[in-house]
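Derivation of every value follows stated rules applied to the coordinates shown; laboratory data play no part. Here the structure is a predicted model, which is why all the values come from computation and not from measurement. With ideal geometry, Cβ positions are generated from the backbone for all residues, glycine too; neighbour counts draw on all protein chains shown.
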Amino acid sequence: MNELSGIISGTHNNIFSIIDLSSKKEIIALKKKKSDKLAIGDSIMYVPAEQGNTITKIIERKNFIPKPPIANLDCVFLVFSINSPEYSFYVLDAFLGYYSLLDVKIILIFNKLDIANDKDVDALKIYQNIGYETYFISGLNLSNSQKEVFNNLIKNKTVAFIGNSGVGKSSLMNNLFEKNFIKTNIVSEKTQKGKQTTSQTLLYYHSKLNAFIIDTPGYSIVNIALLKNVELDNVFLEYSPYLGKCQYNNCKHISEPNCAIKEALNNNEIYSSRYESYLKIYTDIEKNKNTNY
Ligand SMILES: Nc1nc2c(ncn2[C@@H]2O[C@H](COP(=O)(O)OP(=O)(O)O)[C@@H](O)[C@H]2O)c(=O)[nH]1
Ligand SMILES: [Mg+2]
Ligand SMILES: [Zn+2]
């Protein structure tokens, strides 16, 4: 049996597109076992045949993110616009928390700098102060040095661009790579008559960068409470110097006495917007624990 390697690049019902790893051409395939669950980014083996290609094996995943379902990611570019649509600290913190729990490198992009005011830009600098790798850009007008920085982050990797619709993901990608890099995938051609909206997650191969690049539909919010075993203390990076210093070692930093996090908050060592997000997310998780699905 002549098995070849590929990466899942698109799915629609039970039809898949695959990028063949040696030719880098995109082909259509069906899966052999109905029960196999496949996601964009899955590394697979397939058997080519004139009457149809068949996916025969899924290689063990390095990691998996549930929303959108993507396997084997190295890095996510979380894209927010500073203006139009406006950002919200809570939405930002929910996204950051969600993806930081999934063990994937996060790059934070604040887009539409050209139409942003200084006050908003200053307010968002808290994220680079906390320690996130942060870029303020105008995706419509990237400088060559900015392109170089991004290309170096993407080279030889599998990366996804994630963010609400309208924040400028597609514009950024088409500017960063080449015009119309983000185009219709062959599965969507077959199933949607070539309609060009980012309604699905699609993976593209970039030959110069030897990278797999994933465009995703817009999400307005992600829900950390749906993830299992969330250690919220570790989601808020800036808590780390204070952890273990609260009076109670199971302190939730809500109303306990001698809480190191609350003290840091009162001393302006922790940003109040971040602590407010913490409270909201904590409440969501507690609510979720008491709900039986
Ligand atoms: N002013 C400004 N507008 C932008 C920028 N990037 C994207 N846009 C506009 O924002 C809208 C949404 O962009 P699009 O790339 O489709 O967003 P997506 O839904 O995240 O893929 C379009 O009208 C773009 O022209 C930017 O850097 N500055
Ligand atoms: Mg788009
Ligand atoms: Zn505490």
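Things worth noting here:
- For Lys228, Lys262, Lys33, Lys105, order by how many other beta-carbon atoms lie within 10 Å, fewest first: Lys228, Lys33, Lys105, Lys262
- Cβ charges +1 (Lys, Arg) and -1 (Asp, Glu), total dipole of the stretch 228-280, debye: 140 debye
- By the count of other C-beta atoms within 10 Å, a proxy for reagent exposure, Ser9, Ser240, Ser273, Ser255 are ordered fewest to most as Ser255, Ser240, Ser273, Ser9.
- For the stretch 29-139, a simple Cβ point-charge model (Lys and Arg +1, Asp and Glu -1, everything else neutral) yields a dipole of about 740 debye relative to the Cα centre.
- Quarter of Cα convex hull surface for the stretch 17-94, i.e. mean projection, nm²: 7.7 nm²
- Among Asn174, Asn267, Asn151, the largest mean-square fluctuation in a Gaussian network model of the chain, built with springs joining Cα atoms closer than 10 Å, belongs to Asn267.
- Positive-end residue of Ser145, Leu243, Phe16, charge dipole of the chain with Cβ unit charges: Phe16
- The stretch 1-57: C-alpha pair distances exceeding 12 Å, %: 59 percent
- Tail fraction, Cα-Cα pairs, the chain, threshold 29 Å, whole percent: 42 percent
- By the count of neighbouring beta-carbon atoms within 10 Å, fewest first, Ile154, Ile221, Ile18 end up ordered Ile221, Ile154, Ile18.
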